[in-house]
Amino acid sequence: MQLIDGKSLAQQTQAQVAKEVELLKQTRNIVPGLAVILIGDDPASHAYVKMKAKACEKVGFYAITHSMPETISQEEIIATIEMINDNPRIDGILVQLPLPSHIDTDKIIEVIDPKKDVDGFHPYNVGRLVTKLDCFVPCTPLGVMKMFEKYEIDLQGKDVCIVGASNIVGKPMASLLLNADATVTVTHIHTKDLAAHTRSADIVIVGVGKPNLITKEMVKEGAVVIDIGINRLDDGKLVGDVDFDSVQEQCSFITPVPGGAGPMTIAMLLENTLKAAKSREIL
Ligand code: GUN
């Protein structure tokens, strides 16, 4: 079994981004800018945004966080996004999800300028991803693809089982894998026999937020297991969705939690923001 070291790969990516930022500053006088919108008091969202802002600072980006109260109106959020759309110093806009229940998330995402949509959630980018056109790709699935590339895990013709069909992870992951010629099954909460699907897969990718959902019996010998889950147990321990200790004996490659897919998500946000900055129009 080989451990997929997402932390180390993310550090390498960050170093590369930092180099390119320096070059952009010197050659075009561009400092990549990211605006993060954070609404409400969800501790996990606050923790993620803090990590993202810190990573931006480290690579030399200009980063601002717009923190708004839980009670903010949809109109006020939209007005803020429209203002950022027009700000020439900002290349990327990220609205941290989930949003409070009185806010229509789809409407908010559609207000983001697709050229600044570094999360790749706008329907313009979603459509371009499905049709295999250049676009912003959601950070978590993009990070998983980078791990496959780095560890030379071949995807062509492989049976891949994705557990979880969210717009953030499962669906874009399926598009990327299909574009890479894999055979993709997407399972979800209504799937009748989850184990039957995971057991026949060469690669299992899971991100649903349920500790120990994937057990040894559900994984084929020699499979690749990618764990995107992040769960905080009552004792404070951070675990994924895979029963790591037993599953690791069964597979060829596995990602740890923490230190696997998580750090790669942030690294891909940096790459996407850099990409947006590079395509800044010359005024
Ligand atoms: N919430 C959970 N994951 C993500 C993500 O990748 N981007 C944003 N904006 N919100 C999230």
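Coordinate-derived values only; no laboratory data. Given the structure is predicted, the values throughout are model-derived calculations rather than measurements. Glycine gets a Cβ as well: all are built from the backbone with ideal geometry, and neighbour counts include every protein chain shown.
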Completion exercise
In debye to the nearest 20, the charge dipole size for segment 132-283, taken about the Cα centre with +1 at each Lys and Arg Cβ and -1 at each Asp and Glu Cβ, equals 500
Handout entry: Cα coordinate range in segment 135-263, projected on the principal axes (Å, largest first)
Key = 40, 31, 30
Problem - Expected 222 nm ellipticity per residue - DSSP helices of 4 or more, -39500 (n - 2.57), all of the chain, to 500 - result: -12500 deg cm²/dmol
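Using a 10 Å cut-off on Cβ atoms, rank the peptides 152-158, 173-179, 264-270 from the highest mean neighbour count down.
In descending order of packing, they fall as 264-270, 173-179, 152-158.
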Practice task
Scan around Ile37 for amide H atoms under 5 Å from its own, H built in the peptide plane at 1.01 Å from N, and keep only partners 5 or more places away or cross-chain.
Solution key: His66, Leu94, Val95, Gln96
Practice task
Under 14 Å from the Cβ of Gly40, count the other residues' Cβ atoms, weight Lys and Arg +1, Asp and Glu -1, and hand me the total.
Solution key: -4
Handout entry: Among Ile109, Ile228, Ile72, residue whose mean-square fluctuation peaks in a GNM of the chain (springs only between Cα atoms under 10 Å)
Key = Ile72
Exercise for the section: Among the listed pairs Lys58/Lys275; Lys52/Lys115; Lys171/Lys275; Lys50/Lys132; Lys19/Lys171, give every one whose C-alpha distance is greater than 27 Å. Expected result: Lys50/Lys132; Lys19/Lys171
Problem - Rounded to whole Hz, the Karplus (6.51, -1.76, 1.60) HN-Hα couplings of segment 109-117, x for glycine and proline - result: 4, 5, 7, 5, 4, x, 6, 10, 7
Practice task
Could you work out the Kirkwood radius for the chain, taking every pair of different alpha carbons, averaging 1/r and inverting it, reported in Å?
Solution key: 19.5
Completion exercise
Placing +1 on each Lys and Arg Cβ and -1 on each Asp and Glu Cβ in the chain, then taking the dipole about the Cα centre, the residue among Gly229, Ile84, Gly170 whose Cα reaches farthest towards the positive end is Ile84
Handout entry: Unit charges on C-beta of K, R, D, E only; dipole of segment 1-91, Debye
Key = 620
Handout entry: Neighbourhood net charge (15 Å Cβ-Cβ; Lys/Arg +1, Asp/Glu -1) for Ser67
Key = -2
Fill in the blank from the handout: Scaled by the rule-of-thumb 2.2 N^0.38 Å, the alpha carbon Rg for segment 57-135 gives a ratio of 1.16
Problem - Residues Tyr151, Tyr48 arranged by fewest to most Cβ contacts within 10 Å - result: Tyr151, Tyr48
Problem - Per-residue HN-Hα couplings for segment 85-96 [Karplus 6.51, -1.76, 1.60; θ = phi - 60°; Hz; x = Gly/Pro] - result: 3, 8, 8, x, 7, 9, 9, x, 10, 10, 9, 5
Completion exercise
With +1 on the Cβ of every Lys and Arg and -1 on the Cβ of every Asp and Glu, the dipole magnitude of the chain about its Cα centre, in debye rounded to the nearest 20, is 680
Handout entry: Inter-site label distance for Asp159 and Glu57 at 7 Å from Cα along Cβ, in nm
Key = 4.8
